[in-house]
Amino acid sequence: MSATPAPRTGLPEAASLQPMQDADLEEVARIEARNYEFPWTRGNFADSLAAGHSAWVLRNRGGMLGYAVLMRVLDEAHLLNITIDVEWRGAGRGRQLLVDLCEMSRQAGARQFFLEVRPSNTAALALYESAGFVRVGTRRGYYPARDGREDAIVMVKPL
Ligand SMILES: CC(C)(COP(=O)(O)OP(=O)(O)OC[C@H]1O[C@@H](n2cnc3c(N)ncnc32)[C@H](O)[C@@H]1OP(=O)(O)O)[C@@H](O)C(=O)NCCC(=O)NCCS
């Protein structure tokens with residue numbers, strides 16, 4: 001994560017969560033590229049759709065605010081990507097998106113919700129810990145990093 005959140009500018013506009021479609025991929029990839037130092041490619045998102053993963057975009061009248069990709073494995077949900085575009089951060093949208101994903105997964109039969117996060121991603125870590133996720137392990141050298149690789153903290157929340 002390299003960009004700095006913009007200041008809050010007022011109450012969040014109503015936003016809706018919609019299934020990600022092929023037509024969204026250009027915009028998703030553009031947002032991804034400006035929000036991560038090591039972004040997924042358009043092809044990574046296309047592969048996720050082709051694999052049947054659960055993928056969502058968050059929109060309001062101003063356009064796409066963010067998106068998320070989830071994989072279901074038996075009674076587990078695995079969060080593969082959650083992003084709020086930098087200009088829309090800091091207004092509760094990431095927390096609401098995570099709550100919605102957990103609830104949708106629970107309704108679809110998942111019992112546990114897993115995710116990975118970089119130890120250096122303090123904003124995401126704070127969100128996950130305050131949302132009831134607990135650390136259950138570490139994947140060594142999971143992520144690319146400027147000076148080699150960075151571990152992933154594995155977290156889980158019972159649904
Ligand atoms: C992580 C992310 C999704 C949070 O989205 P957001 O809309 O900004 O988050 P919210 O406004 O809902 O804030 C939720 C909580 O996150 C934490 N948080 C958010 N921004 C933070 C910051 N700059 N510093 C520290 N904690 C922060 C806080 O705990 C916050 O709760 P609070 O408002 O009650 O204090 C967003 O920062 C993002 O998309 N980052 C880039 C992509 C990324 O890193 N994704 C996660 C990969 S594991």
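Radius of gyration over Kirkwood radius for the range 76-159, both on Cα atoms: the Rg/Rh ratio is 0.98. Springs join every pair of Cα atoms under 10 Å in this Gaussian network model of the chain, and among PRO39, PRO19, PRO144 the largest mean-square fluctuation is at PRO144. Solvent-accessible area of PHE133, all protein chains in place: 10 Å² (probe radius 1.4 Å, heavy atoms, ligands and nucleic acids excluded).
Leaving ligands, DNA and RNA out of it, report the carbon-plus-sulfur percent of the accessible area of the chain at a 1.4 Å probe. Carbon with sulfur: 51 percent of the solvent-accessible area. Close amide H pairs (under 5 Å, H built 1.01 Å from N) link PHE113 with ALA77, LYS157, LEU159, residues at least 5 positions away or on another chain. Our helix-only sum for the chain, with -39,500 (n - 2.57) per DSSP H run of n ≥ 4 divided by its residues, gives a mean residue ellipticity at 222 nm of -8500 deg cm²/dmol. For the chain, the mean projected area of the C-alpha convex hull, equal to one quarter of the hull surface, is 9.3 nm².
Between LEU74 and GLN18, the simple label model (points 7 Å from Cα in the Cβ direction) yields a spacing of 3.7 nm. Between ARG89 and ALA6, the built amide H atoms are under 5 Å apart, and every one of these is 5 or more places off in sequence or on another chain.
Largest to smallest in accessible area, the residues TYR36, TYR67 fall in the order TYR36, TYR67 (1.4 Å probe, all protein chains included).
Accessible area of GLU37 (1.4 Å probe, protein heavy atoms only, ligands and nucleic acids ignored): about 80 Å².
Once the 1.4 Å probe is applied to the protein heavy atoms, the chain comes out at 55 Å² accessible per residue. What is the set of long-range amide H partners of GLU150 at a cut-off below 5 Å, with H atoms built 1.01 Å from backbone N? Amide H to amide H, under 5 Å and 5 or more residues apart or across chains, GLU150 pairs with TYR142, TYR143, ALA145.
For the options MET20, MET64, MET104, a Gaussian network treatment of the chain with springs between C-alpha atoms closer than 10 Å singles out MET104 as fluctuating the most.
The values are calculated or read from the model by the stated rules, or taken from the named source; none is laboratory data. Since we're looking at a predicted model, the values are computed, not measured. Please note: Cβ atoms are built from the backbone with ideal geometry, for glycine as well, and neighbour counts cover all protein chains shown. These accessible areas exclude ligands, DNA and RNA; they are computed on the full protein's heavy atoms, side chains included. Shrake-Rupley method; radii C 1.70, N 1.55, O 1.52, S 1.80 Å.
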